[in-house]
Amino acid sequence: TTIGCIALRGSSTNNGGGSLLIAGERAFLETRMTQRGEDMDDFSFSSGEQVSVFCDRPEQTETTRPNDGRVDREGRLVIGMYNNYHRSGSSEGENNCGLYRLDPITKSIQSLFPSNYKYRVSNCISFSPDGRTLYFCDTPTRKVYAFDYPETSDGTLLSNRRLIWTMPSDLSGGPDGAQVDADGGLWMAISGAGVVVRVHPSLPGIVDYVVHLPVKSPTSCTFGGRDLDELFITTRGPDGGGLYRVKMPFGIRGLPEPEFG
């Protein structure tokens, strides 16, 4: 199955932790990571019979599938979709995708956009440090927006859309995965341009940090390391497929990644 994104399950919900929630092409799946030896970093995934369906995914149609996602500060997964045929085929160019929030306890799925707000390719889903702002990009538009994020699960929708950054015309590719640092800066992998850039929402439109990569297409980034001061960057082919680690300058650090649950 095609995997859109994954989330680490909360330790209180799965017998001590180690489970992953997987946004699969046909459903949300759950599997465990198992330790193979005494090395705490030596993990493998469970065999197929231990993979279970957590719940159905939204939009039960062949024209879309889950894509980018991020767990909010309350432990719920916000998941965006991908138009499988946005470049060609039955739904070429159509804005036909929604944005959703999955509750880890009830397994209910709430739509976060109004019914008339559709897009093609979800990316850059991430949250401000206080959890009150969600960032989002429909990659073909090359525009990144911020929204006021509803913390309650009473049906309130995203609101107050404002433009954070538009990719310049001389930069190839489009925004892919993203993450926010402890200072609120938004780090975005620009697939096709070979860079990860930071834009701080207090200064919309201004790139203040750039990480140059030896490959063309970074796909996402997140913070890690003992002090959360290293940026880990995933990439894709044909020249990519590797994982890169970049030491952050000037005291820049990330935040602990919330668990689903």
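Data for the structure
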| quantity | calculated |
| --- | --- |
| Residue, farthest from I252 (Cα to Cα), within region 180-220, restricted to residues that are acidic (D, E) and open to solvent by 10 Å² or more (accessible area, probe 1.4 Å) | D208 |
| Every pair of residues 6+ apart whose Cβ atoms lie under 7 Å, when the first sits in region 53-82 and is within 11 Å of Y100 (Cβ to Cβ) and touching a residue at least 24 places away in the same chain (Cβ under 8 Å) while the second is open to solvent by 20 Å² or more (accessible area, probe 1.4 Å) and β-branched (V, I, T) | P58/I109 |
| Which numbered condition N160 fails, given (1) under 27 Å from L112 (Cβ atoms); (2) open to solvent by 30 Å² or more (accessible area, probe 1.4 Å); (3) under 19 Å from the mean Cα position of the chain (by Cα) | (3) |
| Subset of region 109-129 that is in a loop (DSSP other than H, G, I, E, B) and in contact (Cβ under 8 Å) with a residue 40 or more places away in the chain - its residue that is surrounded by the fewest Cβ atoms within 10 Å (Cβ to Cβ) | P114 |
| Only listed residue being open to solvent by 10 Å² or more (accessible area, probe 1.4 Å) and at pLDDT below 95, chosen from D103, D154 | D154 |
| Residue tally, condition open to solvent by 30 Å² or more (accessible area, probe 1.4 Å) and not in a loop (DSSP other than H, G, I, E, B), over region 163-175 | 2 |
| Check on R73, surrounded by 14 or more Cβ atoms within 10 Å (Cβ to Cβ), within 25 Å of A193 (Cβ to Cβ) and either of a type in the set (A, V, I, L, M, F, W, C) or modelled with pLDDT of 95 or more (or both) | no |
| Tally of residues being more than 12 Å from F54 (Cβ to Cβ) and part of a loop (DSSP other than H, G, I, E, B) across region 90-104 | 8 |
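The values are calculated or read from the model by the stated rules, or taken from the named source; none is laboratory data. The model shown is predicted, which means the values in this text are computed figures rather than measured ones. Quick reminder, even Gly has a Cβ in these numbers, built from the backbone with ideal geometry, and neighbours come from all protein chains shown. Accessible surface is based on the protein model in full, side chains and every heavy atom, while ligands, DNA and RNA are left aside. Shrake-Rupley method; radii C 1.70, N 1.55, O 1.52, S 1.80 Å.
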